[in-house]
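What follows is one structure encoded as structure tokens, with my remarks underneath.
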Amino acid sequence: MSQLAERYGPWAVITGASAGIGAEFARRVAERGINVVLVARRRNRLEALASTIEDMYRVDVRVAPADLSARNIVEVLRPALAEIEIGLLINCAGFGSSGPFLDMDPSVQESMLNLNCRAPMLLTHEIVQGMRERGRGGVIVVSSVNAFSSARGMTNYNATKSYDLLFAEGLAEELRPYGVDVQALCPGGTTTEFQQVAGLDPRKFGPLRRWVFSSPASVVATSLRALGGRVTVVPGFLNKLMVFAIRLLPRRIATRFLGLLMDRLSAGY
């Protein structure tokens, strides 16, 4: 049994597991001998990933298709979480959008708020009760480097990720005495479906793209290595440098700087 399984097993719940960072978390956690509950909207993708994980890593997998932005998400997921001991919760589901806030569909922005903030808050409250009682466990809340500053063009998204960051950091202090580790994972640009959904175009960085964007594998590896050590984890040297600079700059200047970066990435709004 791996050290990760000893500390955070026997089951992990992973949201946003159908693609990108969430799917990579599922594979790497299962590789270390932890059974997984895969949560996302797309059943076909979850079932395909579950089959691969079961064949490769010989762990148990539960598939829980669900719309995490739904108001009754806890009730929807309870059957999939019944009668298992969950030692690791990875709140990875989320999406972004780009463009002037007042020109965007408010229902989409509300769904973003529900998915990025409300769902991880409710699932953490539901699942981590058992970890606190047992005196062990882990929670990863996937935030973003965008959490460290506002920016025009991604006003609501950055605000949701700031919530995730502060929520995880505060929770880490509350749960430390109970032996439950909490991490705020803050990746920068990552080669996933996120950019396409958000209306961003990484190709606009040209040859710098390989230095600016990380792979899901490198982000997840950094996260799992740091779990139980650092609370706020920023993968990648350039991302660390950017966060350091943002913290030094006056908030208004940092907001303008990130706005220029979003202009560079925008697919055209």
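The numbers here are math on the coordinates, done by the rules we state, and not lab data. Computed from a predicted structure; not experimentally measured. Using ideal geometry, Cβ is built from the backbone for each residue, glycine included, and neighbour counts are taken over all protein chains shown.
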message = Below 15 angstrom from the Cβ of Ser150, what's the summed charge of the other residues (Lys, Arg +1; Asp, Glu -1)?
response = +4
Bins of 10 Å, starting at 0 and running to the largest distance - Cα pair percent for region 15-158 = 11, 39, 34, 14, 3
Under Karplus coefficients 6.51, -1.76 and 1.60, residue-wise ³J(HN,Hα) of region 164-177 in Hz, glycine/proline x = 4, 4, 5, 4, 5, 5, x, 4, 4, 5, 5, 9, 3, x
query = (1) 76, 60, 43; (2) 58, 46, 29; (3) 49, 38, 35: which one is Cα extents along the principal axes in Å as calculated from this entry?
reply = (3)
ask   = What distance in nm separates the simple spin-label points at Thr52 and Gln3, each placed 7 Å from Cα in the Cβ direction?
value = 2.8 nm
key: Cβ-based net charge around Pro120, under 13 Å, with every Lys or Arg adding one and every Asp or Glu removing one   = 0
remark   = Residues other than Gly170 with Cβ under 13 Å of its Cβ, Lys/Arg counted +1 and Asp/Glu -1, net out at -3
key: Residues whose placed amide H lies under 5 Å from that of Ile140, excluding near-sequence neighbours   = Leu89, Ile90, Asn91, Gln183
ask   = What is the magnitude of the charge dipole of the chain about its Cα centre, with +1 placed on the Cβ of each Lys and Arg, -1 on the Cβ of each Asp and Glu, and no other charges, expressed in debye to the nearest 20?
value = 900 debye
inquiry  = If R₀ is 30 angstrom, what is the calculated FRET efficiency for the pair Phe244 and Glu174, using the beta carbon separation as r and rounding to 0.05?
reply    = 0.65
note = the chain, Gaussian network, Cα under 10 Å: of Asp55, Asp67, Asp164, the residue fluctuating most is Asp55
remark   = Given GluC sites (Glu not before Pro), DSSP loops and at most 16 other Cβ atoms within 10 Å, the longest exposed-site-free stretch of the chain is 86-192
ask   = Share of antiparallel DSSP beta bridges in the chain, in percent to the nearest 5?
value = 5 percent
note = Zone reached by a paramagnetic label modelled 7 Å from Glu31 Cα along Cα→Cβ, restricted to region 54-91 with backbone N below 20 Å, covers 54-62, 88-91
task = Could you work out which residue, out of Phe95, Phe244, Phe257, moves most in a Gaussian network model of the chain, that is, has the largest mean-square fluctuation with Cα springs under 10 Å?
result = Phe244
